[in-house]
Every structure is written in structure tokens, then in C-alpha cells.
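Structure, as C-alpha cells:
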Amino acid sequence: EDKVVQSPLSLVVHEGDTVTLNCSYEVTNFRSLLWYKQEKKAPTFLFMLTSSGIEKKSGRLSSILDKKELFSILNITATQTGDSAIYLCAGPYGGSQGNLIFGKGTKLSVKP
Amino acid sequence: NAGVTQTPKFRVLKTGQSMTLLCAQDMNHEYMYWYRQDPGMGLRLIHYSVGEGTTAKGEVPDGYNVSRLKKQNFLLGLESAAPSQTSVYFCASRRLAELYEQYFGPGTRLTVT
């Protein structure tokens with residue numbers, strides 16, 4: 001059964017801290033892994049990692065994929081209160097329909 | 001462009017009542033999805049559609065029906081609401097060419113008493 005497991009489930013840090021969020025996945029026929037950020041409403045796309053693109057960076061956020069060990073991490077440096085959100089990790093399953101299976105998410109709270 | 005929109009934003013139902021949630025997208029996306037999100041459970045796929053006139057079951061389809069009569073709209077129906085269907089419902093869509101990146105609507109918070 002395909003599965004995506006995130007840890008920790010919640011995290012509280014102070015502004016300026018660096019955080020690392022973890023995602024382990026067990027999906028048949030690995031194709032890619034995605035990270036989303038969910039603030040108050042809709043999840044928004046952050047990164048997609050594939051076999052040919054195992055590291056992505058955007059500003060203070062970066063993510064790497066270890067395809068052999070089947071996990072990914074999302075790093076956020078110099079955190080700000082605006083980084084407070086639920087971070088979701090997802091992997092495709094179900095053949096070629098592009099359906100995603102999501103982890104339960106990590107709730108990050110950044111305190112001033 | 002409005003992107004993905006959902007109607008209504010909030011709704012309270014009594015057990016046994018029915019309702020329809022509407023999802024609309026103006027990006028000409030082929031694929032559309034309905035998810036539910038419960039505390040501590042992440043997003044779970046209810047039903048999806050790969051094109052106008054076609055629908056398929058996802059991970060948790062029981063108690064829901066869907067229709068996609070027009071490419072831009074995807075409707076989620078609850079025929080007889082139950083308290084277990086209290087949740088936040090998200091619609092998403094994607095282009096055929098972008099295999100996995102999905103665009104989400106703002107969600108509908110449904111409470112069934």
C-alpha cells in the first residue's frame with residue numbers, strides 16, 4: 001500500500017531559527033515527490049523533485065530527495081512568522097492518472 | 001484569472017440532508033479532483049475526473065457522488081449527509097501536460113449536525 005509519512009507532525013520555533021521537515025514515502029514505481037504549503041486556505045505548490053532533479057531551492061526554502069533511502073527533507077532557513085503553515089508532502093500513485101497521496105502534514109508555528 | 005473557485009465557503013447541514021458543492025476552474029484544465037481534509041488525516045482523495053463526462057473513485061468515495069458535465073465545473077454531491085462527513089473539502093485541477101502539479105481552491109467547510 002502506498003504511503004507518505006511526515007515528521008514531526010508539529011513544530012514550534014522562533015524567528016530566525018532553521019527548521020528541517022521530513023517526508024518518507026513508500027510508493028510503487030517512484031516518479032516524483034511534491035511539497036505544498038498550506039496557510040489558512042488552499043495548499044500552494046512549492047517544489048517537485050524527480051529522479052533527474054533531486055534538489056530544489058527557492059529563497060530560504062530548499063528541498064532534497066534521497067531516492068535510494070526513500071525520503072525527502074524541506075529546509076527553511078532564517079524562519080519568519082509568515083512561514084507559519086502546514087507543509088504537505090505528496091507522492092503520485094494509481095498509475096498514470098497523476099493522483100497524489102498526501103502525508104498528514106507538518107504544522108509549523110514560527111513565534112516572533 | 002480566478003483560478004479554482006469553490007461554492008459555498010461554509011455550510012451547516014442536518015443529518016440526512018443533501019447538498020452539492022460546486023468547483024469551477026478557468027484554466028482549461030483537463031483533470032479535476034475532490035479531496036477532504038480532516039484534522040490529523042491530511043488530504044484524502046474522494047473522486048476525480050480526467051475529462052468532461054468522466055469520473056472515477058478515489059480513496060474515500062463512499063457517501064459522495066460527482067458529475068462533470070462541463071470541462072470547467074466539477075460537482076460533489078452528498079445525498080444523505082452524515083456527521084462523519086464533517087470536514088473541509090478542497091477541489092483541485094491540473095493540466096494534462098503537468099502530470100502532478102495541482103492547483104487548489106480555497107475550500108468549503110462543511111459541518112453536519
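Here's the yes/no breakdown for (1) at the interface with chain B (Cβ under 10 Å from one of its Cβ atoms); (2) modelled with pLDDT under 95; (3) assigned to a strand (DSSP E or B); (4) open to solvent by 50 Å² or more (accessible area, probe 1.4 Å):
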position	(1), (2), (3), (4)
A:I64	no, yes, yes, yes
A:S72	no, yes, yes, no
A:N75	no, no, yes, no
A:L88	yes, no, yes, no
A:P92	yes, yes, yes, no
A:I101	yes, yes, yes, no
A:S109	no, no, yes, no
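Filtered by the rule that a residue be part of a strand (DSSP E or B), within 14 Å of chain B (Cβ to nearest Cβ) and open to solvent by 60 Å² or more (accessible area, probe 1.4 Å), segment A:49-62 gives a lone residue, A:K56. Return yes or no: is B:L21 at negative phi, open to solvent by less than 60 Å² (accessible area, probe 1.4 Å) and at pLDDT below 95? No: the conditions fail for B:L21.
Elements of the type strands (runs of 3 or more DSSP E) sitting completely within segment B:1-112 and holding at least 2 residues that are free of Cβ contacts under 8 Å to residues at least 60 places away in the same chain and not aliphatic (A, V, I, L, M): these cover B:31-38, B:42-51, B:54-57, B:65-67, B:73-78. Return the only residue of B:T15, B:T113 being in contact with a Lys or Arg (Cβ under 7 Å, 6 or more places away or on another chain) and loosely packed, with under 14 Cβ neighbours inside 10 Å. Of the residues listed, the single one that is in contact with a Lys or Arg (Cβ under 7 Å, 6 or more places away or on another chain) and loosely packed, with under 14 Cβ neighbours inside 10 Å is B:T113.
Residues in segment A:21-44 that are under 13 Å from A:Y87 (Cα atoms), open to solvent by 50 Å² or more (accessible area, probe 1.4 Å) and more than 10 Å from the chain's Cα centre (by Cα): A:E39, A:K40, A:K41, A:T44.
The values are calculated or read from the model by the stated rules, or taken from the named source; none is laboratory data. Quantities reported herein were computed from a predicted structural model and do not represent experimental measurements. Heads up, the Cβs are rebuilt from the backbone with ideal geometry, glycines too, and the neighbour counts pull from every protein chain shown. Just the protein is used for accessible areas: all its heavy atoms, side chains included, with ligands, DNA and RNA removed. Shrake-Rupley method; radii C 1.70, N 1.55, O 1.52, S 1.80 Å.
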